[in-house]
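Where a number appears in this text, it was derived from the coordinates with a stated rule and is not lab data. For clarity, every value in this text was computed on a predicted model and none was experimentally measured. Backbone-built Cβ (ideal geometry, glycine too); neighbour counts: all protein chains shown.
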Amino acid sequence: MHIVVPLRQSPDLVEELQINAEATDIDRQAAKLGISEWDEQALEEALCLKDGSGAKVTVVTAEGGQAEELLFTALAKGADRALKLAGDFSAPMDNHRLARALADAIGRLGANLVLTGVQSVEDLDGQVAVLLAAMLGWPHVSVVTRVELAGETAQVKQEHSGGVSAELEVRLPAVIGVQAARRTPRYAPVSKVRQAQKSAKLERLAVATDGRSGLRVRRVFKPEAAAQAEMIQGTPEEIAAKLVAILSERGLSR
Amino acid sequence: MPAGVYVVVEHLNGQIAELSFELLSAGRQLADARAGKLYALVLGAGGEASGVAGACGAADAALCVDHAALAGFAPEAHIVQLAALLKERPPAVTLVSNSSKGMDLAPALAVALGVAVVTNVAGLAVEGAKIVATSRLYGGKIAVEAEVEGGAAVLSLLAGAFPADKGKSGKPVAVETVSPCPQLDNARVAFKRLERPEAADIDISKQEVLVSVGRGIQDKENLALVQELAEALGAALCASRPLVDMGWMPKSRQVGKSGASVKPKVYLAVGISGAPEHVQGMKDAATIIAINSDPKAPIFDVAHYGVAADLFEVVPALTEKLRALRG
Ligand SMILES: Cc1cc2nc3c(=O)[nH]c(=O)nc-3n(C[C@H](O)[C@H](O)[C@H](O)COP(=O)(O)OP(=O)(O)OC[C@H]3O[C@@H](n4cnc5c(N)ncnc54)[C@H](O)[C@@H]3O)c2cc1C
Ligand SMILES: Nc1ncnc2c1ncn2[C@@H]1O[C@H](COP(=O)(O)O)[C@@H](O)[C@H]1O
């Protein structure tokens, strides 16, 4: 069983995002980039499958930025092999291009299962998992919280709204978009990441990036709020007193 | 011939999902702007599709398909069937919601039909033959205006962006039954069963006052702070998804897209950023109060009252004042 986990570099939303001079993208130089939070879940689910049944786990990511750090961290957590993909990734919100690159890589690496994050915070152009599956001609399921392997199939749990979920059986090879792993993602201590940097080798694979979304981004901007909250200011005690007044008006503080 | 607008209608137990009424509302507006027709697409098994289709009065016509493989939701069967149906009717704009089903459908349909897809759409405009969609990305913090080349596309709409009311109509609608496509018999994804949520100690959708906690709380130990606030306020405690995924709070307390939708008198959001998936579940609360140290957090766009301060300072102060009041 060979599981490929593609990792995406996403901006950290805790920092304020800036927009580039042409207003065509966020400013990626200024943004703090790290692993997309759902990819961390996908990697964890893959590593749990490895722990349980001895699957082999390969991680791949587009070259540049924090790519090496992401890959070494994944190796430190237990991934077996790590590759940087080389190609034209200059249109980051074009998921067709990313999916094309991944399809090319997976075609050459071979895989029974691809686990991606269900989405990232920058999905303008569909989700990569589904685009990738469509390009590979494989079945896929999104918003999955559990993957169980059984021979030529995977049993997955797909979450719907209101706490309802569906159990599905998927014939492999398949692409699964992971929402949450079965457990909290493991942590790789800095010492282990350093060790991986010293002992492990990252491979590099040139891939096709000629996918095209058919969209033209006109402008990227910070939206004006439709209705802004009335902001309450002061010391914590003053704020608390004002909140109590608001709650009292609604008959709630007795 | 003016292009049609097609809405993929989701339903469970014979009921149309609220999100699908939002799609019908957006679709109506789009079809009228393009002087085209609005069609509701309803897939199901055991005769349920035609019943549901009859309730899509906002559409000019409803097309339904009935087949055992379309029971519940197995993504592949729905994609194959919808693609087969839409291929015969180009060029079309297809609307799906960004639900779990919609996430599977939108990109796959776009590839199958050879058209563009736009995700997380919160606004739509028609400019001649072009469709201009405005999406909310980066947890709702950034908007992107994109233009679709040509008149055909698959658009996945954000929950809450279009008014569901305008998609509800008691008008009778012509229902046409379409025969299932042959590929349905060899789908590689099989639907096994639905799991309903387990009964919980309290039903957060029925509470009048909710204190909701997010990742801003930083540590499981700190939950005591908001628990005490909830007690002082006579409220129930609920949470954003990451706290549930980390195992800090039970699933039954999750608010949002994949949790519960709540509509309390007061919703006090503590350390929650206001990602669209969270907002979807609480935007209809009568009064929303948000405490978040980031003055630009999107939660302040839906809140009525905002406190841009450190929760570790404000929450204890508030708890103390409430306790003093209660004596
Ligand atoms: C398919 C799908 C379904 C989803 N369903 C749901 C769902 O049902 N419900 C849900 O909630 N999410 C859901 N999500 C996840 C959602 O996208 C967000 O990741 C999540 O809502 C973020 O939770 P949060 O606001 O607690 O965390 P963050 O986004 O990390 O926000 C934490 C906030 O705390 C603030 N903060 C930090 N420190 C302090 C402090 N000391 N004092 C005050 N404020 C502080 C920060 O400024 C920040 O705004 C779903 C995602 C997907 C892909
Ligand atoms: N640049 C990239 N390099 C490698 N994998 C990616 C990249 N972009 C997206 N992915 C994968 O596709 C998943 C979904 O991405 P997205 O649909 O863009 O949210 C991510 O969680 C990754 O697993």
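Below, the figures for the structure above:
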item	result
Inter-chain shielding of B:259-268 (mean C-beta neighbours from other protein chains, 10 Å cut-off)	2
For A:Arg8, residues with placed amide H under 5 Å, excluding near neighbours	A:Ser36
Label-point gap, in nm, between B:Asp310 and B:Ala324 - each point 7 angstrom along Cα→Cβ	2.1 nm
Rg/Rh (Cα only; Kirkwood hydrodynamic radius) as it applies to the stretch B:204-326	0.92
Cα-based convex hull, chain B, per residue volume (Å³, whole number)	141 Å³
C-alpha long axis of helix A:236-249 to longest principal axis of chain A, angle in °	80 degrees
Greater than 21 Å apart at Cα, pairs in A:Lys56/B:Lys192; A:Lys77/B:Lys101; A:Lys56/A:Lys77; A:Lys222/B:Lys296	A:Lys56/B:Lys192; A:Lys77/B:Lys101
Model label zone, B:Ala71; criterion: amide N under 19 Å from point 7 Å along Cα-to-beta-carbon; scope the stretch B:189-216	B:189-196
Vicinal HN-Hα couplings computed from phi for the stretch B:290-306 (Karplus, 6.51 cos²θ - 1.76 cosθ + 1.60; Hz; Gly/Pro x)	10, 10, 7, 6, 8, x, 9, 4, x, 4, 6, 6, 9, 6, 8, 10, x
Burial order of peptide ranges A:126-137, A:72-83 (average beta-carbon count within 10 Å, highest first)	A:126-137, A:72-83
Inter-label distance for B:Ala35 and A:Glu152, nm, one decimal - labels placed 7 Å from Cα along Cα-to-Cβ	5.5 nm
Test item: A:117-125 mean partner chain Cβ contacts at 10 Å	6
Whole-angstrom gap from the stretch B:297-326 to the stretch A:171-223, using each part's C-alpha centre	37 Å
Built amide H within the under 5 Å cut-off of B:His11, gap 5+	B:Ala17
Sorted by Cβ density within 10 Å, fewest first, the residues A:Arg212, A:Arg108	A:Arg108, A:Arg212
For the stretch A:37-51, Karplus couplings with θ = phi - 60° (6.51, -1.76, 1.60), whole Hz, Gly/Pro x	4, 6, 5, 5, 5, 4, 5, 4, 4, 5, 5, 5, 5, 5, 4
Intensity falloff of the stretch B:5-186 expressed as log10 I(q)/I(0), Debye formula with alpha-carbon point scatterers, at q = 0.19 Å⁻¹	-1.31
Gyration tensor (alpha-carbon) shape descriptor, the stretch A:191-234, a/c threshold 1.5	oblate
Calculated from backbone phi, Karplus (6.51, -1.76, 1.60) coupling profile of the stretch B:231-239 in Hz, x at Gly/Pro	4, 5, 9, x, 10, 8, 9, 9, 7
Other protein chain Cβ atoms within 10 Å, averaged over every residue that makes up B:116-124	5
Spin-label model distance (nm) - B:Ser179 vs B:Lys263, 7 Å beyond Cα toward Cβ	4.4 nm
Percent of C-alpha pairs per 10 Å bin, the stretch A:213-254, short to long	21, 26, 22, 12, 14, 5
Footprinting exposure proxy for B:Thr177, A:Thr153, B:Thr319 (fewest neighbouring C-beta atoms within 10 Å first)	B:Thr177, A:Thr153, B:Thr319
Largest to smallest principal axis extent of the C-alpha atoms in the stretch A:29-84, angstrom	41, 19, 15
Likely footprinting exposure, B:Glu88, B:Glu147, fewest C-beta neighbours within 10 Å first	B:Glu88, B:Glu147
Nearest-0.05 FRET efficiency for A:Thr235 and A:Met1, computed from C-beta distance (R0 41 Å)	0.10
Computed lengthening from A:Ala200 to A:Arg218, 0.36 nm per intervening residue step minus Cα-Cα distance	2.2 nm
Positive minus negative residues near B:Leu95 (Lys, Arg vs Asp, Glu; Cβ under 12 Å)	-1
Charge sum, other residues only, whose C-beta stays under 11 Å from B:Ala116's C-beta, Lys/Arg counted +1 and Asp/Glu -1	-2
Formal net charge of residues neighbouring B:Ala3 (Cβ-Cβ distance under 11 Å; K, R +1; D, E -1)	+3
Under 5 Å, built H, 5+ apart or other chain: amide partners of A:Arg146	A:Lys157
Evaluated over the stretch A:43-185, the Cα radius of gyration and Dmax, each in Å	14.7, 41
Relative compactness, the stretch A:1-111, computed as alpha-carbon Rg over 2.2 N^0.38 Å	1.13
Two-decimal Rg/Rh across the protein assembly as shown, once Rg and the Kirkwood Rh are taken from alpha-carbon atoms	0.96
